[in-house]
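Each remark here refers to the structure printed beneath this line.
The values are calculated or read from the model by the stated rules, or taken from the named source; none is laboratory data. Here the structure is a predicted model, which is why all the values come from computation and not from measurement. Methodologically, a virtual Cβ is constructed for each residue, glycine included, from the backbone with ideal geometry; neighbour enumeration extends over all protein chains shown. Just so you know, the surface numbers come from the protein's heavy atoms only, side chains and all, with ligands and any DNA or RNA stripped out. Shrake-Rupley method; radii C 1.70, N 1.55, O 1.52, S 1.80 Å.
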Amino acid sequence: GRGFWFDGPDVSIEVGMLDGLALNETSAYSIVAWIDPETVIGNAHRVIAANYMGEGGGIGNFSTFFFIQDSTLSFRINQRQLAETLVSTPIGNQAQLVAATYDGNTLRLFVGGVLLGSAERSFSGASDNTRGWTLGNFSEATRTPHGFSSPFYGVLDAVLLFRRALGEAEIAAINAASVDGVCLGLVFADGFEGG
């Protein structure tokens, strides 16, 4: 019944590198979170989770972020300003499970445990990213040099990162477990949970 409340432009949780999770364009990973946004309307990015490219101390130009913008949930990977791949779906303003998976080639996007979109990576040759993960915004080391902030306003709960692309049945099982916890029978040795 608890979660992380994000209520300002400089609020974020800096998680760190997590032993190379999503380091490069062929790294498989998944992001799963219960969200309850204050609003989904507006042109600003509202970052749920990000492993952004290497400004402010890191190196590499591969990055990923999971965000809401203009009533749309999006999952994006990119090679700095050179190329990107994006998958999006409309999203409402209520508490719900959202998930993004990447198997090293295909991005998939889920809401409420249901697959709602996918896209194939459209670029190659991005260099490895040494920037760690953040929740609720881009990292301060990224925000400061660029003079922008992309805060999520609302509640993030049970945020999980995995070192593999979860299958549809696994994400449906997490959704069915509801906010009371993650289903038993799944192994989260390479993830973390906040809440």
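Exposure check, 1.4 Å probe, all protein chains in place: Arg76 carries approximately 40 Å² of accessible surface. Rolling a 1.4 Å probe across the protein heavy atoms gives the chain an accessible surface of 42 Å² per residue. Sorting the Cα pairs of the chain by distance into bins of 5 Å, from 0 upward, gives 1, 8, 17, 23, 22, 17, 8, 2, 0 percent per bin. For the chain, the 222 nm mean residue ellipticity estimated from helices alone, with every DSSP H stretch of n ≥ 4 adding -39500 (n - 2.57) and the total spread over all residues, rounds to -2500 deg cm²/dmol. In sequence order, the stretch 20-29 has phi-based couplings of x, 4, 6, 5, 8, 5, 9, 6, 7, 6 Hz under the Karplus curve 6.51 cos²θ - 1.76 cosθ + 1.60, θ = phi - 60°, and Gly or Pro positions carry x. Ellipsoid semi-axes for the stretch 83-127, based on the Cα gyration tensor and the rule √(5λ), read 24, 10, 8 Å when sorted largest first.
Taking a Cβ cut-off of under 14 Å around Val11, the surrounding Lys, Arg, Asp and Glu residues balance to a net charge of -3, with basic ones at +1 and acidic ones at -1.
Using a 1.4 Å probe on the protein heavy atoms, what percent of the accessible area of the chain belongs to carbon and sulfur?
On the way: 4130 of 8170 Å².
Carbon plus sulfur share of accessible area: 51 percent.
What order, most packed first, do the peptides 123-132, 153-162 have when packing is the mean number of other Cβ atoms within 10 Å of each residue? Walk me through the numbers before you get to the answer.
Details: 123-132: 16.7, 153-162: 21.2.
Averaged packing, sorted descending, gives the order 153-162, 123-132.
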